[in-house]
Amino acid sequence: MNLLCINKSGGRFASCGVRRQSAGTMAFSIFCDKGPSPKRRRASLAAALQRTAPKNSGRAPKVLGVLAAWLVISAGALVAQQAPHLAYVYPAGGRVGTTFQVVVGGQFLAAISNAVISDTGIRATFLEFNRPMNQKEFNDLRERLQTLQRKWQSARRDDSGTNAWTAADAKEREQIREKILKNPPNRAANPAMIDTVTLQFVIETNAALGEHEIRLAAPNAVSNPLWFFVGTLPETTKPASKAANPDLDRFLERFGKTPVKGTPKYEGAISLPVTVNGQIMPGEVDRYRFSARRGQHLIFSAAARALIPYLADAVPGWFEATLTLYDSTGKEVASAERFRFKPDPVLHFEVPSDGEYTVEIHDSIFRGREDFVYRLSIGELPFVTDIFPLGGRAGETNTVSLSGWNLPTQSLTMDNSANPPGFILIAGDFLKRVPFVLDDLPECLSQENSSETAQPMTLPVVIDGRISRPGQTALFKFEGRAGQQIVAEVLARRLNSPLDSALELTDAAGKRLAFNDDFEDKSFGLETHHADSYIKATLPAEGNYFLRLSDVQDQGGPAFAYRLRVSEPRPDFALRVTPSSLTVRAGMSVPVTVYALRKDGFTNAIELHLQDAPQGFSLAGARVPENQDKAQFTLKATPQSRTGITNLVLEGQSAVAGRSIVHEAVPADERMQAFAYWHLVPAQELAVCVAANPRPFASDALRILSATPVRIPSGGMARVHIGAPSPAFASRFDLELVGAPEGLAIQEVSPAANGVEIAFVSDSAKTKPGAKGNLIINIIPKNARLIPAAAKQNRKRNPVGTLPAIPFIIISSS
């Protein structure tokens, strides 16, 4: 007996072969081809089995009924839903109190049903989904259009009315043309942004100003986040750009329409102040004309890299915008490629005379594509270029002097009495918010000194100062003890100062004890040049020591501010949890990664837990071992967990010298730029989508029955007993070890009482006693028996779940 399942258009997507093995026993072979949705496949397969049940068999219908039920569950497991991925949002922001349409481009967006935005004052409604039609759809429409075209031509030549051209024919021809023009095939399209979703955005008057996150959600998955900005300026949006499409050009030429060749300049007229939204395609240049008055101080501030920090397949890894300003005669009067060390340009222009001016924006090397999105704010806008000092003391009131353009005030007083130590953003009537840091150590200001005259300081201390002129060096002196550990850290680039610092520690005789130019701080995932300095040293003897601070490039000026901390080590840590969007089936587990960013020699283990999580969520293996910077663990949602999207908060707790330290883990995503460099880009929320997909097995039975941590001998083997729904679990699913330390592997999986047994082996050359962590194991259907042999190489085997994390430790084999 053979079963064949077809879709509505007659396309085969699955077949089932059944053969009798013995009395009352049948074997089934199922082949799933590419086609309709998993839900439709399951329903059709089950119906086909019921239709083909032998009518004269009393047992077979029951067998087939059980198989049909199994298919309903496992067919969904075999075709795991791809998580939607967002590439761009256009426009990437809007004005408070307005309603407008937004296009989101990405991949796997067909099942999108709604948008999730981090601010409740912003509402989004789904309007439509679009994707370029495939070649067969295009060919079918083209053939039908040609048939209609021939009929129209015949009707024009035939006066007898035999080949009459009807209103219905005309309507159908127009509808086909509209379909082709709306979603034409495009074999040159970038797969990462081939799908688009159109949303209706409503920004309420109570929406918070600044950056927010937008994610798109399908019934059983949630996307990565992208930034969306809310402002107060009037906004204008350039028509959405479209990628080159040779298929469409040929179609237009065939029917007498001229395609747009190349990438012409876009020209538009604007009134100030305004925020302009645009996209840049390859070779494209956008120009905006405006009128200005003599004496105006205009600010042109572009946001491009700030919208999408890293493009994984581009160099330098982001859209690098360039601004050029022309007067009414076409003469260039100003330009900017970046603002200091930041890729997004800012241009300040004092208008010399009344008249019309034009601002031009393009990529610095004339690249472009749909995700080269920008927001260009223009007007007499208040813009802060520098502040001093760069920080203050927590629990106190801090006064900061401001430098910049069009500022309503030259100083700002902030009440930080309730704020703990850490980084904050200064809020005010400014175009962009300004970073500021709070500490709990004594503070003082640096004094002007020469390279021979050192400013004395008493540890611990934080010194606020400037390298106020090119070539200047700041020199500080302190008394130390033999064996004393000291830390000297500069905060400058992380606080928007252009200073590229260097620190040198010497003894009283001038002997260099330590030096540092650049020190990477992974908690700043948007920095590409970690220009701040850090020294940790042990003093060899009692006496005087000197710290010399300078700019590596011998630059200086009022903007070159710094904040220098000198103290004994203050062990601490920060956490980043990735990814910032997770999808877990109810009753199942999903792997999560946390990075421990250790500071000042902190080595202790960090225990992880969920803060005020809704009932039904739990963690397994949630611990960062001592001296390790990364750990994988699992998050589980019980079968009773509420489906939908929930924001979770993960905390880490540890102890230093009897003092408990608790820090919230910042959600983040691992992003690559320029094909090589990886960054932990922070997000606002940790969004978890609990999916209601049918589970392929009774997941509550999945549990670790062996004692943990599992003790694996270096160069030996250890067996772990896993509770599973049935002994058949091992024959239906493969277990895949992911992210394991080098040298650890699964040797075999075998049936065992109440589940399965996993044998782990350790390579003595690659694993050392004392290494510890978690073993993360994905559960993957044995697709090899269910997929035609020709498709095996190209088909990705998606996991249907993850075992609870299995803690392990490598022990000596002796």
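The values are calculated or read from the model by the stated rules, or taken from the named source; none is laboratory data. These figures come from a predicted structure and were not determined experimentally. Cβ coordinates were reconstructed from backbone atoms using ideal geometry, including for glycine residues, and neighbour counts include every protein chain displayed. These accessible areas exclude ligands, DNA and RNA; they are computed on the full protein's heavy atoms, side chains included. Shrake-Rupley method; radii C 1.70, N 1.55, O 1.52, S 1.80 Å.
Amide hydrogen proximity for residue 266: with H placed 1.01 Å from N in the peptide plane, the residues at 5 or more positions away or on another chain lying under 5 Å are 285, 286, 287.
As a calculated quantity, the FRET efficiency between residue 342 and residue 271 at R0 = 30 Å, using C-beta atoms, amounts to about 0.60. In this simple spin-label model, placing a label point 7 Å from the Cα along the Cα-to-Cβ direction at both residue 477 and residue 140 gives a separation of 8.8 nm.
Among the protein heavy atoms of segment 435-566, carbon and sulfur supply 47% of the accessible surface, probe 1.4 Å, non-protein parts ignored. Residue separation of residue 643 and residue 181 scaled by 0.36 nm, minus their Cα-Cα distance, works out to 162.5 nm of gained length.
Can you tell me how segment 503-658 classifies by the Cα gyration tensor, rounded, prolate or oblate, using a/c under 1.5 as the rounded cut? It is prolate, given that a/c is not under 1.5 and a/b is the larger ratio.
Surface exposure of segment 213-340, expressed per residue as accessible area with a 1.4 Å probe, stands at 43 Å².
Across the options 666, 744, 680, the greatest Cα extent toward the positive end of the charge dipole of segment 650-781 (unit charges at beta carbon of Lys, Arg, Asp, Glu) belongs to 744.
The separation of segment 307-367 from segment 96-173, counted between C-alpha centres, amounts to 37 Å. Note that segment 755-765 has calculated 3J(HN,Hα) couplings of x, 9, 10, 10, 9, 9, 10, 10, 8, 5, 6 Hz, one per residue in order, obtained from phi through the Karplus relation 6.51 cos²θ - 1.76 cosθ + 1.60 (θ = phi - 60°); glycine and proline are x.
Along segment 215-231 the Karplus relation, 6.51 cos²θ - 1.76 cosθ + 1.60 evaluated at θ = phi - 60°, assigns HN-Hα couplings of 10, 9, 10, 9, x, 10, 6, 9, 7, 5, x, 10, 7, 9, 9, 10, x Hz to successive residues, with x for each Gly and Pro. Report the accessible area of residue 444, computed with a 1.4 Å probe over the heavy atoms of all protein chains in place, in Å² rounded to the nearest 10. Rounded to the nearest 10, that gives 40 Å².
Once you have a ≥ b ≥ c as the square roots of the Cα gyration tensor eigenvalues for segment 631-768, tell me rounded if a/c is under 1.5, and otherwise prolate or oblate according to whether a/b is larger than b/c. Here segment 631-768 falls in the oblate category.
Protein chains only, probe 1.4 Å: how do 127, 272 rank by accessible area, largest first? Write down the numbers at each step before the final one.
On the way: 127 80, 272 55 Å².
The residues order as 127, 272, largest area first.
What a 1.4 Å probe finds exposed on segment 597-697 is 47% carbon and sulfur by accessible area, rounded to a whole percent. Ranked by the mean number of other Cβ atoms within 10 Å per residue, highest first, peptides 428-441, 86-99 order as 86-99, 428-441.
With a Förster radius of 35 Å applied to the C-beta separation of residue 130 and residue 163, the computed FRET efficiency comes to 0.50. Taking each residue as 0.36 nm, the span from residue 356 to residue 509 lengthens on full extension beyond its C-alpha to C-alpha distance by 48.6 nm. In terms of packing, defined here as the mean over residues of other Cβ atoms within 10 angstrom, the peptides 410-419, 798-807 line up highest first as 798-807, 410-419. The Cα center of segment 563-580 and the Cα center of segment 484-524 differ in position by 15 Å. Maximal additional length on extending the residue 711-residue 397 stretch stands at 107.6 nm, based on 0.36 nm per residue less the C-alpha distance.
Placing R0 at 30 angstrom, the Cβ-Cβ distance between residue 188 and residue 526 gives a FRET efficiency of 0.40 after rounding to 0.05. Give the separation of the Cα centroids, segment 263-294 to segment 721-752, in Å. Rounded to whole Å, the Cα centres lie 59 Å apart. Taking amide H as placed 1.01 Å from N in the peptide plane, residue 296 has its amide H under 5 Å from the amide H of 351, each at least 5 places away in sequence or on another chain. Roughly speaking, to the nearest percent, how much of segment 164-257's 1.4 Å accessible area is carbon and sulfur? Its accessible area is 55 percent carbon and sulfur atoms. Per-peptide packing, taken as the mean over residues of other Cβ atoms within 10 Å, places 142-155, 523-536 in the sequence 523-536, 142-155 from highest down. Computed from phi, the 3J(HN,Hα) profile of segment 371-381 under the Karplus parametrisation 6.51, -1.76, 1.60 (θ = phi - 60°) reads 8, 8, 9, 9, 10, 10, 9, 9, x, 7, 9 Hz, with x in place of Gly and Pro.
Less than 5 angstrom separates the built amide H of residue 585 from those of 691, all sequence-distant by 5 or more or on a different chain.
What is segment 564-629 by shape, rounded, prolate or oblate, if you read a ≥ b ≥ c off the alpha carbon gyration tensor as root eigenvalues and call it rounded for a/c under 1.5, prolate for a/b larger than b/c, and oblate otherwise? Show your work: numbers first, answer last.
On the way: a/c = 2.76, a/b = 2.59, b/c = 1.06.
Prolate, since a/c reaches 1.5 and a/b exceeds b/c.
The heavy atoms of residue 236 offer some 50 square angstrom of accessible surface to a 1.4 angstrom probe. Spin-label model, residue 659/residue 814: points 7 Å from Cα along the beta carbon direction are separated by 4.1 nm. Placing dummy labels 7 Å off each Cα toward the beta-carbon, the span from residue 603 to residue 782 is 4.8 nm.
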